[in-house]
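The values are calculated or read from the model by the stated rules, or taken from the named source; none is laboratory data. Predicted model only: the values in this text are computed from it and were never measured. Counting neighbours? That spans all protein chains shown, and the Cβs are built from the backbone with ideal geometry, glycine included.
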Amino acid sequence: MAHGEVLEFEEYVRTRQDALLRSARRLVPDPVDAQDLLQTALVRTYGRWEGIADKRLADAYLRRVMINTRTEWWRARKLEEVPTEQLPDARVEDSTEQHADRALLMDIMKVLAPKQRSVVVLRHWEQMSTEETAAALGMSAGTVKSTLHRALARLRQELESRDREELVAGALGREERERCAA
């Protein structure tokens, strides 16, 4: 790569790093994994930087690399469950309601397929238009709309399911306390 291209890439990373890290953070729930995802995507993009004719599209290109990398990681993950006698307590570290809502949202995003998650992240978090999302993901605008519709329906279903579980757990807890008090 020519020296000018290297300097241009370095300047791009310096100016866009925070926004790109936010995008990575929305694609993977763990902050350390998000940093790894961004770093991996930057390394892959660096090797192709000369081939990006219109540098104004660099963000879309890099987001696509992040999505592809995240998908590779998701496919390569090992699904090893370890049975235990007791389930661990689910805790929310931050006491503010906003952080709790965000943690819940990040948790329920895990139920989505990678393609659905990508569409939701780009449309709602990155606030990209349908056309921009379609271009970034290499799909038609209609596919983006239908994928987004199904993804949001799935998220609603998961939220309702969790709400019902909490109501049942709360009722069972009350009954248990009443039996112990009697």
Name every residue in the stretch 105-118 that is in a helix (DSSP H, G or I) and more than 16 Å from residue 20 (Cα to Cα), in order of residue number. 105, 106, 107, 108, 109, 110, 111, 114, 115, 116, 117
Listed by range, helices (runs of 4 or more DSSP H) wholly within the stretch 1-100 having at least 3 residues that are at pLDDT 85 or above and more than 17 Å from the chain's Cα centre (by Cα) are 3-27, 31-48
Do you know which residues across the stretch 118-148 are acidic (Asp, Glu) and crowded, with 16+ Cβ neighbours inside 10 Å? 126, 132
